[in-house]
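Computed from the coordinates by the stated procedures, all read-outs in this text should not be read as laboratory data. Just so you know, these numbers come straight off a predicted model, no measurement behind them. Here the Cβ is made from the backbone with ideal geometry for all residues, glycine too, and neighbour counts use every protein chain on show.
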Amino acid sequence: MTDATSFVYRFEKAGRADAPPLLLLHGTGGDETDLLQLGAMISPGSALLSPRGRVLEHGMPRFFRRLAEGVFDEQDVRKRALELGEFVEGARRRHGIAAPVAVGFSNGANIAAALLLTKPEVLAGAVLMRAMVPLSDPPKARLDGKPVLILSGQADPIVPPGNAARLSAMLADAGAKVILRTLPSGHQLSQADVNLARDWIAGVDARVA
Ligand code: MLT
């Protein structure tokens, strides 16, 4: 599917009314199909909304521009986060779903964090896997107890040490209910990520939206 904001995306209907819809956000070079299986594993029966990032880096889809690895074009981050927020709101109306819980990996986790900081009302919560601080000077967001799970890798060569803890503090300062877990892994996801995300989502009330 392609919507009015020109995101190519996949939508899978909910199989269970009490499962929160998920907004799946892939990493650099991924696409709208990448996280469908992960979404079904961590929250069976959830509606799945999965857009493809609209920025191309040497042909690889991403959700915002970067100047170098780990160095973000923050103006673009802000613009793209708002654009993604509009996409989600349009998709909610079209498909009749509640505000989703974002499940993002790497670049997808970073745009999810940016969305929480710029347009928090779009999301019911977020699972941020291998995320970094997306904006050095974010707007004053009010996250009002939104649940956020950050899963970071102890030996992640892409996310600098301490960065996930900074992101956690930034979101908690804005009022989010953050859990940060550091796993003995690198940038890639492991079974531990799946298990932790699944257990955490099971505790998120679909009606928080
Ligand atoms: C990013 O650019 O968002 C991060 O460096 C993660 C990545 O996509 O490699």
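Details
- Region 9-202: relative contact order as a whole-number percent, Cα under 8 Å and 6+ apart: 18 percent
- Measuring against 19 Å, Cα to Cα, the residue pairs Lys79/Lys119; Lys119/Lys177; Lys119/Lys146; Lys140/Lys177; Lys13/Lys146; Lys119/Lys140 contain Lys13/Lys146 as the ones spanning a longer distance.
- Rg/Rh (Cα only; Kirkwood hydrodynamic radius) as it applies to region 1-101: 0.99
- Neighbourhood net charge (12 Å Cβ-Cβ; Lys/Arg +1, Asp/Glu -1) for Arg142: 0
- Volume per residue of the C-alpha convex hull in region 32-148, rounded to whole Å³: 105 Å³
- Within the shell defined by Cβ-Cβ distances under 15 Å, the residues around Val133 carry a net charge of -2, with Lys and Arg each +1 and Asp and Glu each -1.
- Counting other Cβ atoms within 10 Å as a rough exposure proxy, the listed residues Leu38, Leu128 run Leu38, Leu128 from fewest neighbours to most.
- Dipole magnitude of the chain, debye to nearest 20 (Cβ charges: Lys/Arg +1, Asp/Glu -1, about Cα centre): 320 debye
- Thr2 versus Glu89: modelled label distance in nm, points set 7 Å from Cα along the beta carbon direction: 2.3 nm
- Using the Karplus relation 6.51 cos²θ - 1.76 cosθ + 1.60 with θ = phi - 60°, the per-residue 3J(HN,Hα) values for region 15-21 come to x, 9, 5, 8, 8, x, x Hz, with x marking Gly and Pro.
- Cβ-based charge dipole, the chain, positive-most Cα from Gln37, Ser6, Val194: Ser6
- Long-range HN-HN contacts of Val127 with modeled amide H, under 5 Å: Ala102, Val103, Gly104, Leu149
- By other beta-carbon atoms within 10 Å, ranking Lys13, Lys146 with the fewest at the front produces Lys13, Lys146.
- Volume per residue that the Cα convex hull of the chain spans, once the total is divided by residue count, Å³: 102 Å³
- Cα centroid separation, region 1-33 to region 60-98 (Å): 13 Å
- Note on region 9-202: antiparallel DSSP beta bridges, both residues inside, total approximately 30 percent of the bridges counted.
- Taking the Cα centre of region 100-175 as reference, the dipole from Cβ charges on Lys and Arg (+1) and Asp and Glu (-1) amounts to some 40 debye.
- For the chain, with +1 on Lys and Arg beta carbons and -1 on Asp and Glu, the positive-most of Phe87, Ile158, Leu128 along the dipole: Phe87
- Relative contact order for region 24-95, counting Cα pairs under 8 Å that sit 6 or more residues apart, in percent: 23 percent
- Calculated [θ] (222 nm, deg cm²/dmol) that DSSP helices of n ≥ 4 give over the chain, each run adding -39,500 (n - 2.57): -9500 deg cm²/dmol
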